[in-house]
Amino acid sequence: MSHQTFTIGIDCRMYSPNFTGIGRYVYELVQNLQKIDTQNHYVLFFNDPEYSEFEAANPNFKKVLVSSKYYSIQEQTRFLKFLNRYKLDLMHFTHFNSPILYRRPSIVTIHDLTLHFFPGKKMTKPWHRLAYRLTAGSSIRKAKRVIAVSRSTAKDLQEVMATPLKKVQIIYEGVGPEFHQIIDQNSLMATRQKYHLPGRFLLYTGNWRNHKNILGLIEAFRLLKINPVNADLQLVITGKKDNPYAEEILAAAGNLISTNQIILPGLVPDHELINLMNLTTVYVFPSFYEGFGLPPLEAMACGTPVACSNTSCLPEICGKNVLYFNPYHPTEIAQTVQALLSDDKLRQSLIESGLQYVKKFSWEKMAQETYQLYLDALQK
């Protein structure tokens, strides 16, 4: 019996093989869909350089160069023309920013509502906030279905955007097999030497944004250093330094940087990031708000104990496999980290439970559930 073949579009303008939020999500979605679906046709809308670098592994996947920067006027005009040209049966917008005038069937993934709760320095002007509300509201209203990456994000959608829960499908993100315990001691030693790392250090990886609470982490580290038992302890904070928040972070870290107690290596290559997660004594995730929060899971997969915020989606995603703290109280962050530094039995139990727990999160599962949602949306 022959099945009907559909044409499905995917917004790949944020596509990135690097370990960064939405880019990684789009990358894993496309890679895994190519293995799952040999029947339907896909049109992938890229910007350069990703367009030039992408090579389809499945002949049903076609790439198109749209040269329309996200959060721009071209997104609303040029990108719209491309979308209309292909007369898609279903379009998947992988972030809230879709052309307001697009009218064909669509679904949208909402990763979080960070810009609603923590607009920060990205949206200082009233029209920036208005544009965000209009675009996000339009994408969600028009969509046949909305993918939320956690129950917490689904709840935010219901409360902030008045999205009916029956329209929302929760599909968790995954942890790639790259995140694992590293056996190669030479590789680990090379990373330790490159960044002049001591025997014991705390690690934070991710963006420098106000909702990430890096200032609270620095204050907690300062409190930890008051205790003589932590004389050797250092803090490693990866992430882009040419950032609107860099000035206040550097100022807060002050003499802790000059005395090499806080190390800021900048953006590190992916394999070194995994090595750092393997080497660190405790991975600390002090965020005020997350839509999913991949890094604590990735640290678990590397066999590392995690101290984590008890806010937003994090208790839902991390379960009983991390030690929680209130991120608004640096003293509590410091006490929680100290508990992990001092108690080997506790550390070991979290390492063991984390390694088992993280197996339930896979990108293949995410893509399979998304594919099923496409089919459901196409039938209705």
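The values are calculated or read from the model by the stated rules, or taken from the named source; none is laboratory data. None of these values were measured; they are calculated from a predicted model. Cβ coordinates were reconstructed from backbone atoms using ideal geometry, including for glycine residues, and neighbour counts include every protein chain displayed.
Here are the numbers for this structure:
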| quantity | calculated |
| --- | --- |
| Test: residue in the range 289-305 that is of a type in the set (Ser, Thr, Tyr), farther than 21 Å from Lys240 by Cβ and surrounded by 21 or more Cβ atoms within 10 Å (Cβ to Cβ) | yes |
| Of all residues making up the range 120-144, the number that are over 21 Å from the mean Cα position of the chain (by Cα) and at pLDDT 90 or above | 4 |
| Checking Lys35 against (1) part of a helix (DSSP H, G or I); (2) modelled with pLDDT under 95; (3) over 11 Å from Cys12 (Cα atoms), the condition it does not meet | (2) |
| Residue in the range 198-214 that is outside the structural domain of Arg24 (by TED's automatic domain parsing), outside any helix (DSSP H, G or I) and touching a Cys at 6+ places or on another chain (Cβ under 6 Å) present | no |
| Qualifying positions in the range 327-370 - in a loop (DSSP other than H, G, I, E, B) and surrounded by 15 or more Cβ atoms within 10 Å (Cβ to Cβ) | Pro327, Phe361, Ser362 |
| Leading residue by the ranking (surrounded by the most Cβ atoms within 10 Å (Cβ to Cβ)) among those in the range 27-52 that are of a type in the set (Asp, Glu) and free of Cβ contacts under 8 Å to residues at least 60 places away in the same chain | Glu50 |
| Count - residues of the range 207-229 that are polar (S, T, N, Q) and buried (at least 20 other Cβ atoms within 10 Å of the Cβ) | 1 |
| Some residue of the range 320-330 being touching a Phe, Trp or Tyr at 6+ places or on another chain (Cβ under 7 Å) and in the same structural domain as Leu202 (by TED's automatic domain parsing) | yes |
| Residues of the range 53-70 classified as surrounded by fewer than 13 Cβ atoms within 10 Å (Cβ to Cβ) and aliphatic (A, V, I, L, M), total | 1 |
| Matching residues, the range 27-62, being of a type in the set (Lys, Arg) and within 17 Å of Tyr86 (Cβ to Cβ) | Lys62 |
| Verdict on Leu276 being modelled with pLDDT of 95 or more, assigned to a helix (DSSP H, G or I) and crowded, with 24+ Cβ neighbours inside 10 Å | yes |
| So Leu223, is it within 18 Å of the chain's Cα centre (by Cα), touching a residue at least 60 places away in the same chain (Cβ under 8 Å) and within 25 Å of Glu290 (Cβ to Cβ) | no |
| Of all residues making up the range 178-193, the number that are surrounded by 15 or more Cβ atoms within 10 Å (Cβ to Cβ), of a type outside the set (Lys, Arg) and assigned to a helix (DSSP H, G or I) | 3 |
| Selection within the range 1-26 - free of Cβ contacts under 8 Å to residues at least 40 places away in the same chain, in contact with a helix residue (DSSP H, G or I) (Cβ under 8 Å, 6 or more places away or on another chain) and closer than 23 Å to Asn84 by Cβ | Tyr15 |
| Residue within the range 150-161 that is hydroxyl-bearing (Ser, Thr, Tyr) and in a loop (DSSP other than H, G, I, E, B) present | yes |
| Residue count for the range 61-70, restricted to those that are in contact with a helix residue (DSSP H, G or I) (Cβ under 8 Å, 6 or more places away or on another chain) and hydroxyl-bearing (Ser, Thr, Tyr) | 2 |
| Some residue of the range 216-223 being touching a Lys or Arg at 6+ places or on another chain (Cβ under 9 Å) and of a type in the set (A, V, I, L, M, F, W, C) | no |
